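J.: Take this structure, written in structure tokens, and hold onto it; I'll ask about it next.
The values are calculated or read from the model by the stated rules, or taken from the named source; none is laboratory data. Please read all numbers here as calculations on a predicted model, not as lab measurements. Don't worry about glycine lacking a Cβ; one is built from the backbone with ideal geometry, like all the others, and counts go over all protein chains shown. Just the protein is used for accessible areas: all its heavy atoms, side chains included, with ligands, DNA and RNA removed. Shrake-Rupley method; radii C 1.70, N 1.55, O 1.52, S 1.80 Å.
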Amino acid sequence: MKKIHITTHANLALIKYWGKRDEALLLPCTSSFGISLTALKTTTTLYSHAADEDLIQLDGNNNASLHIPIRKFFDGVRTRFGINTKFSILSKNHFPTASGLASSASGFAALALGVNSVCELGLSMQEISVLARTGSGSAARSIHGGVVLWHKGQALDGHDSFAQPMFNASWWPELRVIIAVTTTQEKKISSRAGATASKETSSLYPGWLERSKERLPKIIEAVRVRNFHTMGQLAEADWTDMRDVMLDTKPSLNYWTEVSWAVINKIIALREQSGLATYITTDAGPHVKVLCLAPDAPRIQEELRTIPGVLSILESCVADEPTIEEEYGNFIP
Ligand code: 2P0
């Protein structure tokens, strides 16, 4: 029998995914673009067995409600590939989960890579990305390391909505993302519910879609020529647009806290007053992700440490490809 150990990383969007053209298949309204982060690592162990049900352990937390999307994902895999076995899954996020640090992205990416290997499905990376997407949209991006483009696709069945690797981890070794962690609490409104509400109720949503589409080729080019200012400006503009859509949603989605705003204001002040090359993005949560280049990282960390309420600071480079290790033996759940 084969047991698989997978290491994946969450992928931070610089051009965001927020809202779906198909809610069931998790097909996005926008293409998105992001970087895999070394600091947001997930390790997952997976094997198949003959027990009556899937056995799931997440960070030692056995809260059954967290297992529902995972069971649904494996039910989908069994139906689609005609598999009869159940699975044992042990997954650990080496960062705070469900609070806006993309734990579902690295988690479902690992499950898609893992099930392909355990069951020897022989899927291409494109097909693995599509499979990961059925667990959680952003997981489509996390099956790769480096810098990734997730095509929104056109097909109704979603086969062309997958992530494509654009630049590997060594493309831009000086690039850093510093994450100011501001809570260990889970967010009150999930990304899934929030994004649907934004699409349905925010009058700003269509405008953001248009601008996001225009920004995408520009940011790809900025990364290609390693133009940090252009990349940062485009990423921050896309975040600002998404943030305004979130705040304009009825009822308003306010994922940020006073501590988040203190961090954001500090970074903007550093840029405007000291000329520091640094930009901001956040996701559906209160943590703030600060983009910078390696020589400026110590100064930014130092400044963030002075802000009351910043719980920890994670410095990240662009992560390598996921790793998959095989172990053979007789595994009994
Ligand atoms: C992103 N986010 O592009 C965006 C930016 C949050 C803000 O992908 O419903 O957990 O499972 O497909 O992937 C979070 O959304 O949502 C997300 P589902 P997911 O990274």
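J.: Could you identify the single residue in SER190, SER212, SER252, SER203 that is of a type outside the set (Lys, Arg) and surrounded by 18 or more Cβ atoms within 10 Å (Cβ to Cβ)?
T.: Numbers: SER190 fails: surrounded by 18 or more Cβ atoms within 10 Å (Cβ to Cβ); SER252 fails: surrounded by 18 or more Cβ atoms within 10 Å (Cβ to Cβ); SER203 fails: surrounded by 18 or more Cβ atoms within 10 Å (Cβ to Cβ).
Checking each option against the conditions leaves just SER212.
J.: Here's a follow-up. Which condition does GLY19 not pass, out of (1) within 15 Å of the ligand (Cβ to nearest atom); (2) surrounded by fewer than 24 Cβ atoms within 10 Å (Cβ to Cβ); (3) at negative phi, if it passes all the others?
T.: The one condition GLY19 does not meet is (3).
J.: Quick one: which residue in GLU302, GLU258, GLU325, GLU315 is closer than 30 Å to ALA51 by Cα, of a type outside the set (Val, Ile, Thr) and out of contact with any Leu (no Cβ under 9 Å at 6 or more places or on another chain)?
T.: Numbers: GLU302 fails: closer than 30 Å to ALA51 by Cα; GLU258 fails: closer than 30 Å to ALA51 by Cα; GLU315 fails: closer than 30 Å to ALA51 by Cα.
Step by step, each of GLU302, GLU258, GLU325, GLU315 is checked, and only GLU325 is closer than 30 Å to ALA51 by Cα, of a type outside the set (Val, Ile, Thr) and out of contact with any Leu (no Cβ under 9 Å at 6 or more places or on another chain).
J.: Any residue at all in segment 256-273 that is aliphatic (A, V, I, L, M) and surrounded by fewer than 17 Cβ atoms within 10 Å (Cβ to Cβ)?
T.: Narrowing segment 256-273 to residues aliphatic (A, V, I, L, M): 259, 262-264, 267-270.
From what's left, surrounded by fewer than 17 Cβ atoms within 10 Å (Cβ to Cβ): 268-269.
Yes, the conditions are met somewhere in segment 256-273.
J.: A further question follows. Taking ALA277, is it closer than 24 Å to LYS16 by Cα and under 21 Å from the mean Cα position of the chain (by Cα)?
T.: Numbers: closer than 24 Å to LYS16 by Cα: yes; under 21 Å from the mean Cα position of the chain (by Cα): no.
Here the answer is no, as ALA277 does not meet what is asked.
Yes/no per residue for (1) crowded, with 23+ Cβ neighbours inside 10 Å; (2) among the aliphatic types (A, V, I, L, M):
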residue	(1), (2)
GLN154	no, no
PHE162	yes, no
TRP171	no, no
VAL181	no, yes
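J.: Looking only at segment 113-147, which residues are hydrophobic (A, V, I, L, M, F, W, C), closer than 20 Å to ALA169 by Cβ and away from the ligand (no atom under 11 Å from the Cβ)? Let's see the steps before the verdict.
T.: Initially, segment 113-147 is screened for residues hydrophobic (A, V, I, L, M, F, W, C), giving 113, 115, 118-119, 121, 123, 125, 128, 130-132, 139-140, 143, 147.
This time we only want the ones that are closer than 20 Å to ALA169 by Cβ, so: 113, 125, 128, 132, 139-140, 143, 147.
Across segment 113-147, the qualifying residues are LEU113, MET125, ILE128, ILE143, VAL147.
J.: To continue, here is another question. Go through the residues of segment 39-57 one by one and say whether even a single one is open to solvent by 30 Å² or more (accessible area, probe 1.4 Å), within 15 Å of the ligand (Cβ to nearest atom), in a strand (DSSP E or B) and modelled with pLDDT of 95 or more.
T.: Scanning segment 39-57, I find no residue that is open to solvent by 30 Å² or more (accessible area, probe 1.4 Å), within 15 Å of the ligand (Cβ to nearest atom), in a strand (DSSP E or B) and modelled with pLDDT of 95 or more, so the answer is no.
J.: I need a count of the residues in segment 243-288 that are part of a helix (DSSP H, G or I), in contact (Cβ under 8 Å) with a residue 40 or more places away in the chain and closer than 25 Å to SER103 by Cβ.
T.: Final tally of qualifying residues: 7.
J.: Of all strands (runs of 3 or more DSSP E) completely enclosed by segment 72-167, which ones contain at least 1 residues that are over 25 Å from PHE33 (Cα atoms)? Can you show your working first?
T.: Details: elements: 86-93, 147-150, 163-167.
Qualifying strands (runs of 3 or more DSSP E): 86-93.
J.: Keeping to segment 306-333, report how many residues are of a type in the set (Gly, Ala, Ser), open to solvent by 40 Å² or more (accessible area, probe 1.4 Å) and more than 24 Å from the chain's Cα centre (by Cα).
T.: We begin by selecting, within segment 306-333, every residue of a type in the set (Gly, Ala, Ser); these are 309, 312, 316, 319, 329.
Then keep just the ones that are open to solvent by 40 Å² or more (accessible area, probe 1.4 Å); that gives 312.
Filter once more, so that each one left must be more than 24 Å from the chain's Cα centre (by Cα): none.
Residues meeting the conditions: 0.
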